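Novice: Mind having a look at this structure? Questions to follow.
The values are calculated or read from the model by the stated rules, or taken from the named source; none is laboratory data. Here the structure is a predicted model, which is why all the values come from computation and not from measurement. With ideal geometry, Cβ positions are generated from the backbone for all residues, glycine too; neighbour counts draw on all protein chains shown. Heavy atoms of the whole protein, side chains included, go into the accessibility calculation; ligands, DNA and RNA do not. Shrake-Rupley method; radii C 1.70, N 1.55, O 1.52, S 1.80 Å.
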Amino acid sequence: MKVINNKILHGLNTLGPVLGLVGVYFLFVLIAPPSFSTLRNIDLIARHTAVVGTAALGMTLVIISGGIDLSVGSLVALGVVAVAWLLQEAGLGPIAAGLGGVAIGALFGWINGVLITKLRVVPFIVTLGMMLVVRGAAKGIAKEQKIDVDPDRLSWLSDFLAMLSPEQSWMLVPPGVWLMGILALLVAGMLRYTRFGRHIFAIGSNEDTARLCGVAVDRVKIMIYTLIGAFAGLAGLMQFSRLTVGDPTTAMALELDVIAAVVIGGGSLSGGEGSVLGTLAGAFIMTVISSGCEQMGLHNWVQQIVTGSIIVVAVALDRLRHRKTA
Amino acid sequence: MAPGVAQAAEAPLLEMEGVSKRFGATVALAGVSFSVRAGEVHGLVGENGAGKSTLMKALSGALQPDSGRMRLGDAVYAPRNPLDARRAGVAMIYQELSLANHLTVEENILLGMEPHRGGFIRRREVRERAVEALSHFEHPEIRPDIQVGRLSVAAKQLVEIARALAVGCRMLVLDEPTSSLAQQDVERLFALIAVLKKQGKAIVYISHFIEEVKRVADRVTILRDGKVAGQSATDAISPAEIVAFMVGREVEDLYPRSHRQAGEVVLEITELSGMEKPRSVSLQLRRGEVLGIAGLVGAGRTELLRALFGLDAIRSGSVRLGVYSGAAGPRHRWQQGAGLVSENRKEEGLAMTMSVADNMTLSRLRGFGPCNMVMPRRQHRATRRWIAELGIHCRGPGQRVSELSGGNQQKVAIGRLLQHGVDVLLLDEPTRGIDVAAKATIYRLIDELASGEKGTGNGGKAILMVSSYLPELLGICDRVAVMCRGRLGPARPVMEINETQLMLEATGQERV
């Protein structure tokens, strides 16, 4: 009997953020105008979540391993600028430019990882510094301006995260959202079913134990930061497809939204805990709140207060549940 | 009523009567009665889970009993929280020390009750009171202005006791005070306890070490399954009787010794030196043999194991493990067939928030699925085998190790080596902080591994074991070597040595 109870409780634990998302959504269905519950709005919510959600996939890995990455916001901006520059100045095609954006993100992520493991400086400090370095680099590439891209060079990139045209409606949501979903499945499977995934959890749970057990701690960490860099670069590509200009000042403080998504989703900043499903639910919860508030005609400042409160409440609930199950 | 030593000696200072506590369906305490007089040391023993810690939590106000009465001195004693208890004069000295490492000794001693005027700390008074509290011990090395983080474990413990004395406590509860102390520090602690006793403090002494309780306590209470299983003056009861009360049956033979066949040399260390310790250590370990390393804490025993396992840097010397020679990191040591059980189970040995299965398979996540995949079901199946063979009490492979008792956690840590299938086991304090029954299981396991009755592969394993507990080294090992100040003496068969001799060598009084 007790075992069954525990299983149910455990199930609730992992599903908690998802239930929270469903709850928040239906709350707004009840109190917001009918325009909130339209399919069109769901599509809008999904498209708005894609950037934060994609970056948050990488952040989930980082936070499970007990680290933090404050440079994601800047890396997204760098991705945006890099894609624009590659399209406009280097004259590359959309695929090559997109891959270039992801690669440059991965490169800076790799540098983060190397600095953290080889210099033995805590991730908070390394990525805090990198946040400024990368933002500066993005501004430098764009020469303190926005890089305008000729519309004919954009090709399919402008549709990547745009509303679907009627003849594309069979896709339900735009390709960018699909990509986020597929990557989420891959990351979730990787965390649960591969050695790399178990090693990430082990490092976050107890780094000394991982080292004692022969886990190549440094190598795994460098890999994790490289991955979050790549995810941030991809998020930059998505952001670019929404903006269609290379704006180096975009995604300011985005890292905080990304961290919030992971934390609302049950990730623990002390490491060892977190899930992809939770993270996505966390990212969606934040968009649903801002969308709902918008539809109700509430000002931006109300949205911010509500979102801030949700973060604290979500983590407080999480701690409470920990005490219950411990 | 004039408070006097004579009067205090008769009436108990603390009296507990019929104290009960249940958690859900589990009865943790079932009507326990217990008393301590001023100027008395009362030993409290029992296996893990017998109710010792629940009893102490009730005493310290960390939890409230469901029923029963407690009296302290002339008043009803019902602390709502630990601060309450401390104000009433009851202080706990826990196994895990609770000092702020970055503060100085005096700041720690007066933490939370700093004398101040308008919020400004009166430094001179702090110093005076700290010096006064420290004057009870003869430890000039503990200066009031030194940072606590720089002190040894033994010195930290004294600071903690000084803190209790500075509050003016009447009763001290020591929970496993010697578990991380070397022999000489244990002696100094016992001397201190004698002084406190003379000052009329009541002391509750909780320990797994029955010999210690015999030595230091006037009376002993044995708990089993939340009840008082026995209570006696310490002089009137033998260690064997105490153990019998603890486990509820006779322990036939704590240290089994099957036929062991010493085989080829599988580990050979030649003049190995670390950054500070060890210093030029050589030894040979054969298959089918248990080699013990005795010595004081800080002698460099842990450092020796860490250096040869690649966790600490090696300065010179060589290590040959099976057919491999040369330095290597932990990852390669595992691949070469060696495994280490850390002395520090909570901080290094186990990932506490992970499951039994994850912990047991962490060093070798292979063979649990196609192409480097780890299928939890296969991982659990492999783990179940060791749960059964080692008798680990848990709900299943998926349970978090933090929820297990110390003894079962230790079995998980050793189980990792068996699951990995290592030939050379490096065990650092494998029985620290676990109860007698779990110790007996681990002794039996070590014996079975050495004689080749258990474990994967054929033939006996080679076991290198560090311990501060001499009876267990003499009981379980084939040969024992003593480490002192980073140097290792020759390994000699246990038949040729005794405890006194090991102690003399460990304290550096006798060079061999």
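Novice: Residues of the stretch B:304-333 being assigned to a helix (DSSP H, G or I) and either without any contact (Cβ under 8 Å) to a residue 40 or more places away in the chain or not assigned by TED's automatic domain parsing to the domain that holds residue B:452 (or both), which ones?
Specialist: Correct list: B:306, B:307, B:330, B:331, B:332, B:333.
Novice: So, in the stretch B:338-360, of the ones that are open to solvent by 10 Å² or more (accessible area, probe 1.4 Å) and more than 14 Å from the chain's Cα centre (by Cα), which residue ends up farthest from the other protein chains (Cβ to nearest Cβ)?
Specialist: B:355
Novice: A further question on this structure: State yes or no: is residue B:447 under 22 Å from the mean Cα position of the chain (by Cα) and surrounded by fewer than 23 Cβ atoms within 10 Å (Cβ to Cβ)?
Specialist: It is true that residue B:447 is under 22 Å from the mean Cα position of the chain (by Cα) and surrounded by fewer than 23 Cβ atoms within 10 Å (Cβ to Cβ).
Novice: For the stretch B:327-337, name all the residues that are away from chain A (no Cβ under 11 Å) and open to solvent by 30 Å² or more (accessible area, probe 1.4 Å).
Specialist: Result: B:327, single match.
Novice: Say whether the condition of being part of a strand (DSSP E or B) and at pLDDT 85 or above is met by at least one residue in the stretch B:53-66.
Specialist: Within the stretch B:53-66, none of the residues are part of a strand (DSSP E or B) and at pLDDT 85 or above.
Novice: Now for a separate question. Does the stretch A:138-161 include one or more residues that are more than 19 Å from the chain's Cα centre (by Cα), open to solvent by less than 40 Å² (accessible area, probe 1.4 Å), under 18 Å from residue A:233 (Cα atoms) and hydroxyl-bearing (Ser, Thr, Tyr)?
Specialist: The answer is yes; a qualifying residue exists.
Novice: Report yes if some residue within the stretch A:236-251 is surrounded by 22 or more Cβ atoms within 10 Å (Cβ to Cβ), of a type in the set (Val, Ile, Thr) and at pLDDT 90 or above; otherwise report no.
Specialist: yes
Novice: Which residue pairs have Cβ atoms closer than 7 Å, lie 6 or more positions apart in sequence or on different chains, and pair a first residue in the stretch A:82-94 that is without any contact (Cβ under 8 Å) to a residue 12 or more places away in the chain with a second residue that is surrounded by fewer than 24 Cβ atoms within 10 Å (Cβ to Cβ) and among the β-branched types (Val, Ile, Thr)?
Specialist: none
Novice: If I go through the stretch B:171-208 residue by residue, how many of them are over 22 Å from the mean Cα position of the chain (by Cα), part of a loop (DSSP other than H, G, I, E, B) and surrounded by fewer than 21 Cβ atoms within 10 Å (Cβ to Cβ)?
Specialist: Taking the stretch B:171-208 first, the residues over 22 Å from the mean Cα position of the chain (by Cα) are B:171, B:194-202.
Next cut, part of a loop (DSSP other than H, G, I, E, B) only: B:199-201.
With the extra rule that they be surrounded by fewer than 21 Cβ atoms within 10 Å (Cβ to Cβ), the set shrinks to B:199-200.
Total satisfying the criteria: 2.
Novice: Go through (1) open to solvent by less than 30 Å² (accessible area, probe 1.4 Å); (2) within 14 Å of another protein chain (Cβ to nearest Cβ); (3) assigned to a helix (DSSP H, G or I) for residue A:211 and report which single condition fails.
Specialist: Residue A:211 satisfies all of (1) open to solvent by less than 30 Å² (accessible area, probe 1.4 Å); (2) within 14 Å of another protein chain (Cβ to nearest Cβ); (3) assigned to a helix (DSSP H, G or I) except (1).
Novice: Then there's this: With respect to residue B:473, is the statement that it is in the same structural domain as residue B:292 (by TED's automatic domain parsing) and under 27 Å from residue B:332 (Cα atoms) true? Spell out the reasoning first.
Specialist: Numbers: in the same structural domain as residue B:292 (by TED's automatic domain parsing): yes; under 27 Å from residue B:332 (Cα atoms): no.
No: the conditions fail for residue B:473.
Novice: Within the stretch B:35-52, can you find the residues that are modelled with pLDDT under 85, assigned to a loop (DSSP other than H, G, I, E, B) and in contact with a Leu (Cβ under 9 Å, 6 or more places away or on another chain)?
Specialist: Selection gives B:47, B:50, B:51.
Novice: Say we look at the stretch B:414-442 and pick out the residues that are farther than 21 Å from residue B:351 by Cα and not hydrophobic (A, V, I, L, M, F, W, C); which of these is most open to solvent (accessible area, probe 1.4 Å)?
Specialist: Just the residues of the stretch B:414-442 that are farther than 21 Å from residue B:351 by Cα, to begin with: B:423-424, B:435-437, B:439-441.
Now narrow it down to the ones that are not hydrophobic (A, V, I, L, M, F, W, C): B:423, B:435, B:439, B:441.
Numbers: B:423: 58, B:435: 14, B:439: 18, B:441: 35 Å².
For the stretch B:414-442, the residue satisfying everything is B:423.
Novice: Hey, residue B:400 hits all of (1) open to solvent by 50 Å² or more (accessible area, probe 1.4 Å); (2) of a type in the set (D, E, K, R); (3) within 18 Å of residue A:209 (Cα to Cα); (4) out of contact with any strand residue (DSSP E or B) (no Cβ under 7 Å at 6 or more places or on another chain) but one; which does it fall short on?
Specialist: Going through (1) open to solvent by 50 Å² or more (accessible area, probe 1.4 Å); (2) of a type in the set (D, E, K, R); (3) within 18 Å of residue A:209 (Cα to Cα); (4) out of contact with any strand residue (DSSP E or B) (no Cβ under 7 Å at 6 or more places or on another chain) one by one, residue B:400 breaks only (4).
Novice: Take the stretch B:44-73 and flag every residue that is free of Cβ contacts under 8 Å to residues at least 24 places away in the same chain and either among the charged types (D, E, K, R) or assigned by TED's automatic domain parsing to the domain that holds residue B:441 (or both).
Specialist: Within the stretch B:44-73, B:57 is the sole residue that qualifies.
Novice: Follow-up question, since we're still on this one. I'd like the full set of residues that are closer than 18 Å to residue A:66 by Cα and within 14 Å of another protein chain (Cβ to nearest Cβ), limited to the stretch A:157-202.
Specialist: Residues of the stretch A:157-202 that are closer than 18 Å to residue A:66 by Cα, as a first pass: A:187-188, A:190-192, A:195-202.
Result: A:188, A:190, A:191, A:192, A:195, A:196, A:197, A:198, A:199, A:200, A:201, A:202.
Novice: Tally up the residues in the stretch B:303-321 that are open to solvent by 30 Å² or more (accessible area, probe 1.4 Å) and away from chain A (no Cβ under 12 Å), please.
Specialist: 8
Novice: Name every residue in the stretch B:285-303 that is touching a strand residue (DSSP E or B) at 6+ places or on another chain (Cβ under 8 Å) and either without any contact (Cβ under 8 Å) to a residue 24 or more places away in the chain or over 18 Å from residue B:264 (Cβ atoms) (or both), in order of residue number.
Specialist: Within the stretch B:285-303, B:292, B:293, B:294, B:295, B:296, B:299, B:300, B:301, B:302, B:303 qualify.
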